[in-house]
1. Tally Lys/Arg at +1 and Asp/Glu at -1 over every other residue whose Cβ is under 12 Å from the Cβ of P157; what's the total?
2. Quick one: dipole size for the stretch 43-111, taken about the Cα centre, charges +1 on Lys/Arg Cβ and -1 on Asp/Glu Cβ, in debye to the nearest 20.
3. Once the dipole of the stretch 131-186 is set up with Lys and Arg at +1 and Asp and Glu at -1 on Cβ about the Cα centre, which of P171, W149, G181 lies farthest towards its positive end?
4. Past 29 Å, Cα to Cα: identify those pairs from K49/K133; K100/K169; K106/K186; K106/K133; K133/K170, in the order given.
5. Given Cα positions, please report Rg to Rh for the stretch 131-186, the hydrodynamic radius being the Kirkwood one.
Amino acid sequence: MKKNILLLSFFLALIFGIKAQTPSVNGIWEAPNGTRFKFVGNNSGFSCKNLSNNNSNQVNFVGYNYGYPWYRADFDDGFVLYMLKSENEMTVSSSQNPNKMVTLIKQEDGYSNQNQMQNSGTMQYQPTMKQPKTCTVCNGTGNSNSVIWAPNYGSPPDDEWCSICKSYKKPHTHRPCSSCGGLGEK
């Protein structure tokens, strides 16, 4: 019994230690097209408000993938995934266009609490834009050589051209690269 309590305490300390290292999302973030968003952290993830149209939604913490915290917002027409890469950089992708990744850059920071932004003392970030490095495992494609074959119901399907394999094969999809998580860069 004592060993179980110690083991449980160890895992809880590990989980809360990892969560404590998660960068803060609080602040104003900007997309490459100039759209600005206000993110405010809360117990389940963060709230996101589009400052151009005042639409707000809840974004929930999903877990850690490749060492980064991941979040997900669900909508009637799909979902949006957020990967918090650092205190100043977040990658966003949508289920409607999963191959398009958008990088948000934090522009302002400084919340006195979770519900209001400080008007004075707001810190302006001048993030250093590091050049992404092409993933050496997938050579920047974001795809692995591992495939998922389409089910065969009845007669075998005709071969199709696969732009990733560069050959004709039975219908399949490629799994995302395990090294870069399908981003094609590190």
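Every number in this text was worked out from the coordinates using simple rules, so none of it is lab data. Quick caveat: nothing in here was measured; it's all calculated off a predicted structure. So basically every Cβ, Gly included, is an ideal-geometry build from the backbone, and we count neighbours across all protein chains shown.
1. Working: positive: K169, K170; negative: D158, D159, E160.
Residues near P157 contribute -1 overall.
2. 100 debye
3. Most positive-ward Cα: G181.
4. Cα-Cα > 29 Å for K49/K133; K133/K170; rest within.
5. Numbers: Rg = 13.6 Å, Rh = 12.3 Å.
Answer for the stretch 131-186: 1.11.
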